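Have a look at the structure that comes next, please.
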Amino acid sequence: MRVNLITKVTLVTGVVLLVAMVLFAFINVTTLKKIFLEEAIHDVDNLSETLIRSTHYQMLEDDRKRVYQMIQEVGTQRGIEHIRLINKDGEITFSTERAEIGTILDKNTEGCNVCHAEDTPLIHASSMNRSRIFADRDGKEVLGMARAIYNQESCATADCHFHPPDLSMVGILDVIVSLDGMHMQTATYRNNIIVLTLMLLLIVASCLTLVTQRFITNPLSKLLHHTQRIAQGDWSPVELKSHDEFGKLAGAFNDMTHNLKQAQDELAQWGSQLEAKVEERTHEIKNMQSRLIRSEKVASLGELVAGIAHELNNPLTGVLMFSSMIAEDPRLDPALKPDFDTIIHETQRCAEIVRGLLDFARESVPQKSHCAVEQVLEQTLILVSHHSSFHDIRVERDYGSPPQILADPNQLEQVFMNLLINASQAMENGGTLKIKTGTLNRDAQVFVKISDSGCGIAEENLTKIFDPFFSTKGHKGTGLGLSVSYGIIENHGGKIEVQSRMGEGTTFTVLLPASFEQKKQRAESGLAATA
């Protein structure tokens, strides 16, 4: 059976990753089990110490009933198998398992041999040496902790009973707890690692499949298909745009294909002896074919849009005229008056869209002349100052006396009017409109900045605002104003830039090339002033 490259790479990587993850999981589980066991030993040791300290006063009073009762209550806690008291002679004086009471333990008995393994018993052993793990009668793994009850000074001098001062230890508290909880935690952790390992294997396998398919299998398939085409007499070059080894291999294939084709042509010419040796190479020229196709499509779209807009304009004019006449007719039922007002309003909006379509499709050639942008701005401000959205707007001017530009004043006025009205509409509750002019790049460009203190434009819309029919005003706009303005400025050799942040306002910057004569005059005047 044939195994493809993706399967091989995925299997090898998966096996290596699986082995690594299994080893990692084994080390982790082993380490975690050791940590859990150390914590369990520490907890049982603390429990033993707490029991000894809690019953110390009752032991001094020889209140054995109370001591046994307290141990019995503690022994009922979850996870504790049983607790027992062993005196210095090895007799179990009390146990939560009553069958053990009175039993005498041998030194070799489980639980005793940890301290009596040698001839001299350990008096002060560490918690690890005092602990043991064994299986109980039910075969369940448990942890035992033997805690010595030392003969303290208070014990040797108590009135209730007497322990000789030379007696170092009076008994043993042996606590046995279940390790089921530790095993459950370890099993849970192990299962989580298994699930994560499987998920990681799946993710890595998917990524490897995609990467191998994209960067290895697809290029190899193209090269293989190319060799098959060569065998069939197709000498076209392989199209593989890559900068890695496959790209170099594709280049070598193309060179080989070219050389083979050239050799075949030469052999054919020599064999037939009918034609002279033709040119060895021909150069293919591709001069902006894609741009020409796009330009033709845009031009066709413009003609189509203009035709549709022109055809729509005539019936819209009739609808608007007759709707207005009916709305003003005194015979009209007053109840129908709002409906006709709605028809008139929507028809006017459609007419505005049609006019915008005509402006968008027309792209008239600008009638350029030398003009000052500040003068065009002032004329535009006079026109828009009567607009309803300019009532509460304060205009701040900062003119830098830039040089004149070669432009169509009427088209510039249309651009500035769109930008100024948009800025005023963005400040519904009034605000400040700032207009600044100046030059950039050593007087090579004239800039006009129009800033408002309005609501701003969302970041995701900044790349769309110059698209035809895109509007953030809902039914209030056609979405063609900025698109037309962008086309006008582009036809003048300039560009429009926009900067905006939500809640802080928007700034449109219009960049236009300065007039060559004006730049020359400024340069000469600057040299004269320096001299």
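The values are calculated or read from the model by the stated rules, or taken from the named source; none is laboratory data. None of the values given here were measured: they were computed from a predicted structure. Here the Cβ is made from the backbone with ideal geometry for all residues, glycine too, and neighbour counts use every protein chain on show.
Return yes or no: is Ile35 within 60 Å of the chain's Cα centre (by Cα) and modelled with pLDDT of 80 or more? Can you show your working first?
Numbers: within 60 Å of the chain's Cα centre (by Cα): yes; modelled with pLDDT of 80 or more: yes.
It is true that Ile35 is within 60 Å of the chain's Cα centre (by Cα) and modelled with pLDDT of 80 or more.
Given the criteria at pLDDT below 70 and surrounded by 10 or more Cβ atoms within 10 Å (Cβ to Cβ), does Gln213 qualify?
No, not satisfied.
I'd like the residue in segment 87-142 that is among the basic types (Lys, Arg), part of a loop (DSSP other than H, G, I, E, B) and surrounded by 12 or more Cβ atoms within 10 Å (Cβ to Cβ) and, out of all such residues, is modelled with the lowest pLDDT.
Result: Lys88.
Among all residue pairs at least 6 apart or on different chains, which show Cβ distances below 8 Å where the first residue, located in segment 41-64, is closer than 15 Å to Ile172 by Cα and the second is in a helix (DSSP H, G or I) and of a type in the set (Val, Ile, Thr)?
Leu47/Val74; Leu51/Ile71; Leu51/Val74; Thr55/Val67; Thr55/Ile71; Met59/Val67
May I pose another question? Mind checking which residues of segment 405-431 are surrounded by 20 or more Cβ atoms within 10 Å (Cβ to Cβ) and assigned to a strand (DSSP E or B)?
The answer is Ile405, Ala407.
Could you give every pair whose Cβ atoms fall below 8 Å, whose first residue belongs to segment 373-384 and is assigned to a helix (DSSP H, G or I), and whose second residue is among the polar types (S, T, N, Q), counting only separations of at least 6 or pairs across chains?
Pairs found: Val373/Thr437; Glu374/Ser401; Glu374/Thr437; Leu377/Thr437; Val384/Ser424.
When you scan segment 241-280, how many residues do you find that are surrounded by fewer than 13 Cβ atoms within 10 Å (Cβ to Cβ), basic (Lys, Arg) and at pLDDT 70 or above?
Qualifying residue count for the region: 1.
Additional query: Can you tell me which condition Pro402 does not meet? The list is (1) part of a helix (DSSP H, G or I); (2) of a type outside the set (Lys, Arg); (3) at pLDDT below 90, and all the others hold.
So Pro402 meets the others, but not (1).
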